[in-house]
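Student: Take a look at this one; I'll ask things after.
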Amino acid sequence: MGLRMPTPWKHPDSGTYYLRERIPAGVVATAKGRTVSVSVDGLNFTVKLGGWVKLSLRTKDATTAKERYREAVAALEEHWRLIRQEVATGPVRLTQRQTEALAGEYLRNLTRQFQDDPGDPDDWDAALTVLEDLTESAQKQERMHGEDADLLLQQRGLSVDVHSRLQLLEAMHRAYVLFAKAQERRGLGDYSPDPRAERFPTFSDDDESKDEPTATKPKGQSLGSPRGKPEVTLRYLFDLWAKEHSRAKGPAKTAKDFAQKVESLREYIGHDDARAVTKRNLIDWCDHLLDEHGLSAKTVADKYLAAVKAVLRTGVDKDWLTTNPATEVKVRKPKKVKERSAGFTTDEAKAILTAALRDPETLGGMSEKTKLAIRWAPWIGAYTGARITELTQLRREDFITDNDIACINITPEAGSVKNGQYRIVPLHPHLVEMGLLDFVRRQPEGYLFASPGETLESTHARCKSVSGKVSEWVRTTAGVVDPRVQPTHGWRHRFKTLACVADIPPQYADMIQGHSQGESGAIYREPVTVVLYREIQKLPRYEWAE
């Protein structure tokens, strides 16, 4: 009898799939009681560890569940690796200098991301009052800074003891208070250097070294290295990539994800020498992920290999490497068999939009904001073809009037926009007639469908969580269960089809949906609201769904 491959477990009553795995024997004693965070398929999962890991995959679709299950298992393996390392060597006790150095990195990362757009000084003044309340609460500091602490430690391959973690969170919180005060000053136009921010030392594994962090600066001479340069580690190249990513205001989640992928390669090849990484290493690593971890070809190609390619490309760009061995590595993806349209059929669209109009009380114990998202996001998506998270992160102030036309402003200021560019999308008259603007006017300032977090990244994570709940509702309540159509992305494909039928020129449909127009001259054409409104009115009305 062959061995049974681990698979998601389907709850017999709810039909929701779960990951249920026993914690490996070698780590269970150390892992028990810990809380770990796992990011899978754009969703954030947090679970407290016992003897088992039980994690809802938030889907009733078998195909989606299998994909999320594989990613979750791979992410958990990284947690087990760090715990095994801790068991083997013992947790590290950070010195005070190292603690303050890591807090300084946290401050500098925050400053690079947000110094150009500091925000309203009154908001920062109010935030400082809230931050003072967190000074004595280790639990609240963990919620606010814990993920960033994990990233800082993971980038240096550190597993620290409980005392060190508490001290680090306190130091990071003090650094965040400095950041908030600086943002308040910048909001008033004062961009002068903050002398208090200069007090932080640089990190060093060896506390006797006071210059550069040994985890990030190449050291030691490799006689066989090209051009006589010192040995270069994968971790160092990742740090270089992460700095570029941060300067470009890339999401912190991507940096955390890339760190895990690079660490997976390091563990597989058994060393950290970037110059010694070969094409054969990378091919074997990809095969290992496919065969041993059961990851899909798409996940290996688009996530693991893509992350390593980007990091090694940074090594070439910064003149630390002569070539990128990942450039010619390919992972063959199974050819997609297209059995139906990627957009919703008319019956599916009617089922979703009709279900969205039902009494919110039928949705049970969901939060009120989630119920509002289920009520409005499908309808707005049907008439705009916008991405679901672009809708769940809408704020009251994003509903604007331009040229006397009611519009939504889809902007990176509210969260994540795929191409990083804002766009103004006119609202179809049917949405206005249905009372969308009346609903918006009754809401307080801020996010309509999600509660804001402490940072833009945490707020975006909450908006994505609401998006996931809307997707699950489409499957379970609206009854659109065909796995060949995505539960919310189907609106984008349907919009494109209807735009073609309605004779909306492709360039205008692209402007409405935020797609690249594929022409070098397109960047010089600012979309005109009156033109887009003229085009969007050509879309057929969904009155039959009311």
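Student: Name the residue that is modelled with the lowest pLDDT, counting only residues in the range 223-249 that are buried (at least 16 other Cβ atoms within 10 Å of the Cβ) and small (Gly, Ala, Ser). Let's see the steps before the verdict.
Tutor: Taking the range 223-249 first, the residues buried (at least 16 other Cβ atoms within 10 Å of the Cβ) are 225, 231-243, 245-246.
Those left that are additionally small (Gly, Ala, Ser): 225, 242, 246.
Working: Ser225: 36, Ala242: 88, Ser246: 82.
Within the range 223-249, the match that is modelled with the lowest pLDDT is Ser225.
Student: Give the range 408-442 a look and list any residue that's at pLDDT below 90 and surrounded by fewer than 14 Cβ atoms within 10 Å (Cβ to Cβ), or say none.
Tutor: Passing the criteria: Lys418, Asn419, Gly420, Gln421.
Student: In addition: Working only within the range 402-414, note down all residues that are without any contact (Cβ under 8 Å) to a residue 60 or more places away in the chain and either farther than 21 Å from Asp510 by Cα or under 27 Å from the mean Cα position of the chain (by Cα) (or both). Can you show your working first?
Tutor: Taking the range 402-414 as the starting set, the residues that turn out to be without any contact (Cβ under 8 Å) to a residue 60 or more places away in the chain are 404, 406, 408-409, 411-412, 414.
If the condition is that a residue be without any contact (Cβ under 8 Å) to a residue 60 or more places away in the chain and either farther than 21 Å from Asp510 by Cα or under 27 Å from the mean Cα position of the chain (by Cα) (or both), then Asp404, Ile408, Asn409, Thr411, Pro412, Ala414 are the ones that fit.
Student: Please state which of the following conditions Gln115 fails to meet, knowing it meets all the rest: (1) polar (S, T, N, Q); (2) in contact with a Lys or Arg (Cβ under 8 Å, 6 or more places away or on another chain); (3) modelled with pLDDT of 75 or more.
Tutor: Here Gln115 meets the rest and fails (3).
To keep it simple, each residue is scored yes or no on (1) open to solvent by 50 Å² or more (accessible area, probe 1.4 Å); (2) touching a strand residue (DSSP E or B) at 6+ places or on another chain (Cβ under 7 Å); (3) part of a helix (DSSP H, G or I); (4) of a type in the set (Phe, Trp, Tyr).
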| residue | (1), (2), (3), (4) |
| --- | --- |
| Trp80 | no, no, yes, yes |
| Leu94 | no, yes, no, no |
| Leu102 | no, no, yes, no |
| Glu105 | no, no, yes, no |
| Gln113 | no, no, yes, no |
| Asp117 | yes, no, no, no |
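Student: Something else: Taking only the range 268-300 into account, find how many residues are assigned to a helix (DSSP H, G or I) and surrounded by 14 or more Cβ atoms within 10 Å (Cβ to Cβ). Show your work before the answer.
Tutor: Step one: filter the range 268-300 for residues assigned to a helix (DSSP H, G or I), giving 268-269, 274-276, 279-291, 297-300.
With the extra rule that they be surrounded by 14 or more Cβ atoms within 10 Å (Cβ to Cβ), the set shrinks to 268-269, 274-276, 279, 281-283, 285-286, 288-290, 297, 299-300.
Number satisfying all stated conditions: 17.
Student: Which residue out of Glu348, Glu390, Glu361 is farther than 17 Å from Leu437 by Cβ, free of Cβ contacts under 8 Å to residues at least 24 places away in the same chain and among the acidic types (Asp, Glu)?
Tutor: Glu361
Student: Right, here's the next one. Which of the residues spanning the range 1-44 are outside any strand (DSSP E or B), at pLDDT 70 or above, open to solvent by 20 Å² or more (accessible area, probe 1.4 Å) and closer than 26 Å to Thr476 by Cα?
Tutor: Thr7, Pro8, His11, Pro12, Asp13, Ser14
Student: How many residues does the range 459-481 contain that are outside any helix (DSSP H, G or I) and either in contact with a Ser or Thr (Cβ under 7 Å, 6 or more places away or on another chain) or surrounded by 20 or more Cβ atoms within 10 Å (Cβ to Cβ) (or both)?
Tutor: So the first thing to find is which residues in the range 459-481 are outside any helix (DSSP H, G or I), and the list is 477-481.
Still in the list and also either in contact with a Ser or Thr (Cβ under 7 Å, 6 or more places away or on another chain) or surrounded by 20 or more Cβ atoms within 10 Å (Cβ to Cβ) (or both): 478, 480.
Number of matching residues: 2.
Student: While we're here: Would you mind telling me which numbered condition in (1) surrounded by fewer than 16 Cβ atoms within 10 Å (Cβ to Cβ); (2) among the aliphatic types (A, V, I, L, M); (3) modelled with pLDDT under 85 Val531 fails?
Tutor: (3)
Student: Being open to solvent by less than 70 Å² (accessible area, probe 1.4 Å) and of a type in the set (Val, Ile, Thr) is the filter; apply it to the range 48-65 and report the residue that is farthest from Val480 (Cα to Cα). Walk me through how you get there before you give the answer.
Tutor: Of the range 48-65, the ones open to solvent by less than 70 Å² (accessible area, probe 1.4 Å) are 49-51, 53, 55-57, 59, 61-62, 64-65.
When the remaining residues are screened for being of a type in the set (Val, Ile, Thr), the result is 53, 59, 64.
Numbers: Val53: 30, Thr59: 13, Thr64: 14 Å.
Going through the qualifying residues, I end up with Val53.
Student: Collect the residues in the range 421-454 that are without any contact (Cβ under 8 Å) to a residue 40 or more places away in the chain and in a loop (DSSP other than H, G, I, E, B), keeping them in residue-number order.
Tutor: Listed by number, the residues that qualify are Tyr422, Gly435, Pro452, Gly453.
Yes/no matrix, rows are residues, columns are (1) under 29 Å from the mean Cα position of the chain (by Cα); (2) at pLDDT below 75; (3) surrounded by 14 or more Cβ atoms within 10 Å (Cβ to Cβ); (4) more than 30 Å from Gly315 (Cα to Cα):
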position: Leu134; (1), (2), (3), (4): yes, yes, yes, yes
position: Arg156; (1), (2), (3), (4): yes, yes, yes, no
position: Gln183; (1), (2), (3), (4): yes, no, yes, yes
position: Glu212; (1), (2), (3), (4): no, yes, no, no
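Student: Inspect the range 331-344 for any residue being under 17 Å from Val262 (Cβ atoms), exposed (fewer than 15 other Cβ atoms within 10 Å of the Cβ) and in contact with a helix residue (DSSP H, G or I) (Cβ under 9 Å, 6 or more places away or on another chain) and give the result as yes or no.
Tutor: The answer is no, given that none of the residues of the range 331-344 is under 17 Å from Val262 (Cβ atoms), exposed (fewer than 15 other Cβ atoms within 10 Å of the Cβ) and in contact with a helix residue (DSSP H, G or I) (Cβ under 9 Å, 6 or more places away or on another chain).
Student: Oh, and also: Which helices (runs of 4 or more DSSP H) does the range 307-402 wholly contain that include 2 or more residues that are within 30 Å of Glu244 (Cβ to Cβ) and modelled with pLDDT of 90 or more?
Tutor: Details: elements: 346-356, 368-384, 388-392.
Because the criterion is at least 2 residues that are within 30 Å of Glu244 (Cβ to Cβ) and modelled with pLDDT of 90 or more, the helices (runs of 4 or more DSSP H) in the range 307-402 that meet it are 388-392.
Student: Under 7 Å between Cβ atoms, at least 6 apart or on separate chains: pull out the pairs that start in the range 278-293 with a residue that is free of Cβ contacts under 8 Å to residues at least 40 places away in the same chain and of a type outside the set (Gly, Ala, Ser) and end on any residue that is assigned to a helix (DSSP H, G or I) and open to solvent by 50 Å² or more (accessible area, probe 1.4 Å).
Tutor: Trp285/Tyr268; His288/Tyr268
Student: Let me ask something additional. Does Val417 meet the test of being in contact (Cβ under 8 Å) with a residue 60 or more places away in the chain and assigned to a strand (DSSP E or B)?
Tutor: Working: in contact (Cβ under 8 Å) with a residue 60 or more places away in the chain: yes; assigned to a strand (DSSP E or B): no.
No, not satisfied.
Student: Show the residue pairs meeting these rules: Cβ distance below 6 Å; 6+ apart or different chains; first residue within the range 492-517 and within 21 Å of Val528 (Cβ to Cβ); second residue open to solvent by 30 Å² or more (accessible area, probe 1.4 Å) and not in a helix (DSSP H, G or I).
Tutor: Ala502/Lys538; Ile504/Lys538; Gln507/Gln517; Asp510/Gln517; Met511/Pro527
Student: Does Ile400 meet the test of being surrounded by fewer than 18 Cβ atoms within 10 Å (Cβ to Cβ), more than 30 Å from Asp13 (Cβ to Cβ) and of a type outside the set (Gly, Ala, Ser)? Steps first, answer last, please.
Tutor: Numbers: surrounded by fewer than 18 Cβ atoms within 10 Å (Cβ to Cβ): yes; more than 30 Å from Asp13 (Cβ to Cβ): yes; of a type outside the set (Gly, Ala, Ser): yes.
Considered against the rule, which asks whether it is surrounded by fewer than 18 Cβ atoms within 10 Å (Cβ to Cβ), more than 30 Å from Asp13 (Cβ to Cβ) and of a type outside the set (Gly, Ala, Ser), Ile400 comes out as yes.
The values are calculated or read from the model by the stated rules, or taken from the named source; none is laboratory data. These figures come from a predicted structure and were not determined experimentally. Here the Cβ is made from the backbone with ideal geometry for all residues, glycine too, and neighbour counts use every protein chain on show. The area values use the complete protein model at the heavy-atom level, side chains included, leaving out ligands, DNA and RNA. Shrake-Rupley method; radii C 1.70, N 1.55, O 1.52, S 1.80 Å.
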